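One structure below.
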Amino acid sequence: MADQPNVPNSESPQSVANTAAAASMEANARVTQSPPPQTIVIQQGGGGGLLRLFALFGWVGFVCCALFALVQLMTFADYFDTSGGITEKHHSGSVLASDKVAIISVSGLIANGEGFVKHQIDRVREDDSVKAIVLRVDSPGGTVTASDYMFHHLTKLREEKKVPMVVSMGSMAASGGYYVAMAVGDQEKSIYAEPTTTTGSIGVILPHYDISGLMERFDVKDDSIASHPRKQMLAMTRPVPDEHRALIQEYIDESFGRFKDIVKKGRPKFREDAAALDELATGEIFSATKAKENGLIDEIGFIEEAIDRAIELANLDKDDTRVVRYLAPASFFEIPGLAMSSRDSQLTTLMELSSPRAYYLATSLPPLVASWSMLLQER
């Protein structure tokens, strides 16, 4: 038998290298022959233009809503304005109207010129949207000085803003309340009183009490030392001598004369007929009917009629006019039952009560009680 060639158990290094090279060349060939990657192009169809249109409408709507919200914010901004310690509140008319009729309220005893009424005056003066004013008076009057102070600033407001003013009288507009109402000037058909209004009481009073008899009964003497006897002209502890009474009467007559002069400014008919005013200026109160008959007021009607007249005088569109009024935020200590006072404030009240004051005041209470009530309310 012929001999068989020897076969090695493992391949030689050269054979392995050749095999690896062949495999690499085969792989490269496969990579070279693979198809190139495809580029995917997305083309928009005919719906793209519609989407852009919707987007445009959306932005236009957003801008319009933003502008509307801004206008509304500007329109109602006054309702959130608390400058001067007061807030504005819608009363009637169009809520969205820019032109306003402002209601200024004078209510209660007129004890202090500075306060809620003055804050209302200042607020209206700075508001260019106010085209007319309705002065709502519901007061029995008060001190001469405070009444005159309010009259002065209301008249100044009307003249500076050059807007019409109409008065609406509530349950009472007497004495100092009537005095304040004369701020309307001589505008025709400008003073309205409700059917049950009490008005008039044109006069002055300076309260005084003589308790010298009571002191004598209890063997009490006033041993005050003063720089001059007239310093105690109105002392309650002694009768008023005739000499002092004449001086006090002169003081009262001067205040009374000013009252009648103020009435003539607001009621032109009395400028031509002073005697007719003298017949009415006795301190007497009048019903609305009698007041109209005597020329103290122009019309009998409620506040709505006064507002309509103000709109008419200002040449405004009633359907496009906003009527507003003002509120004073209540203090925690002004809540009934929670009022607090200190010993110092009580002493101050007593000292002010003892000071002589002249009043344009209509009241059925004794002057001392009325004075006490007024001072308490002032606080």
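The values are calculated or read from the model by the stated rules, or taken from the named source; none is laboratory data. The structure displayed is predicted, hence computed values, not measured ones. With ideal geometry, Cβ positions are generated from the backbone for all residues, glycine too; neighbour counts draw on all protein chains shown.
Only one entry of Lys189, Lys156, Lys221 meets the criterion of being outside any helix (DSSP H, G or I), touching a helix residue (DSSP H, G or I) at 6+ places or on another chain (Cβ under 9 Å) and free of Cβ contacts under 8 Å to residues at least 60 places away in the same chain, and that entry is Lys221. Test Lys265 against the stated conditions and say whether it is modelled with pLDDT under 95, touching an Asp or Glu at 6+ places or on another chain (Cβ under 9 Å), buried (at least 16 other Cβ atoms within 10 Å of the Cβ) and not in a loop (DSSP other than H, G, I, E, B). For Lys265, the condition - modelled with pLDDT under 95, touching an Asp or Glu at 6+ places or on another chain (Cβ under 9 Å), buried (at least 16 other Cβ atoms within 10 Å of the Cβ) and not in a loop (DSSP other than H, G, I, E, B) - is met. If you go through region 118-173 and keep only what is acidic (Asp, Glu) and closer than 21 Å to Lys260 by Cβ, you end up with just Asp148. Among the residues of region 83-116, those that are at pLDDT below 95 and crowded, with 22+ Cβ neighbours inside 10 Å comprise Leu109, Ile110, Ala111. Considering Phe302, Phe270, Phe286, the condition of being among the hydrophobic types (A, V, I, L, M, F, W, C), more than 20 Å from Ala97 (Cα to Cα), in contact (Cβ under 8 Å) with a residue 24 or more places away in the chain and surrounded by fewer than 18 Cβ atoms within 10 Å (Cβ to Cβ) is satisfied by Phe302 alone. The set of residues in region 187-216 that are under 30 Å from Pro241 (Cβ atoms) and within 28 Å of the chain's Cα centre (by Cα) is empty. Determine whether region 144-154 contains at least one residue that is under 23 Å from Glu305 (Cβ atoms) and either among the aliphatic types (A, V, I, L, M) or over 19 Å from the mean Cα position of the chain (by Cα) (or both). Yes, there is a match, as at least one residue in region 144-154 is under 23 Å from Glu305 (Cβ atoms) and either among the aliphatic types (A, V, I, L, M) or over 19 Å from the mean Cα position of the chain (by Cα) (or both). Would you confirm whether or not region 169-182 contains a residue that is assigned to a loop (DSSP other than H, G, I, E, B) and not polar (S, T, N, Q)? Checked against the condition, which is being assigned to a loop (DSSP other than H, G, I, E, B) and not polar (S, T, N, Q), region 169-182 yields no hits at all.
Among the residues making up region 215-248, those that are under 25 Å from Thr145 (Cβ atoms) and surrounded by 12 or more Cβ atoms within 10 Å (Cβ to Cβ) are Arg230, Gln232, Met233, Leu234, Ala235, Met236, Val240, His244, Arg245, Leu247, Ile248.
With respect to the conditions (1) modelled with pLDDT under 95; (2) closer than 17 Å to Ala174 by Cβ; (3) among the aliphatic types (A, V, I, L, M), Leu368 lacks only one, and its number is (2).
Among the residues of region 118-153, the one identified as crowded, with 17+ Cβ neighbours inside 10 Å, of a type in the set (Lys, Arg) and part of a helix (DSSP H, G or I) is Arg123. Confirm whether Pro207 is in contact with a Phe, Trp or Tyr (Cβ under 9 Å, 6 or more places away or on another chain) and at pLDDT below 95. In short, yes. Count of region 130-144 residues, restricted to those that are without any contact (Cβ under 8 Å) to a residue 40 or more places away in the chain and over 22 Å from Glu299 (Cα atoms), is 1. Pairs are defined by a Cβ separation below 8 Å, a sequence spacing of at least 6 or placement on different chains, a first member in region 93-114 that is in contact (Cβ under 8 Å) with a residue 40 or more places away in the chain, and a second member that is charged (D, E, K, R) and part of a loop (DSSP other than H, G, I, E, B); the pairs so defined are Asp99/Asp317; Lys100/Asp127; Ala102/Asp127. I'd like to check something: does region 240-255 contain any residue that is within 30 Å of Gly200 (Cβ to Cβ), assigned to a loop (DSSP other than H, G, I, E, B) and either of a type in the set (Ser, Thr, Tyr) or touching a residue at least 12 places away in the same chain (Cβ under 8 Å) (or both)? Checked region 240-255: at least one residue is within 30 Å of Gly200 (Cβ to Cβ), assigned to a loop (DSSP other than H, G, I, E, B) and either of a type in the set (Ser, Thr, Tyr) or touching a residue at least 12 places away in the same chain (Cβ under 8 Å) (or both).
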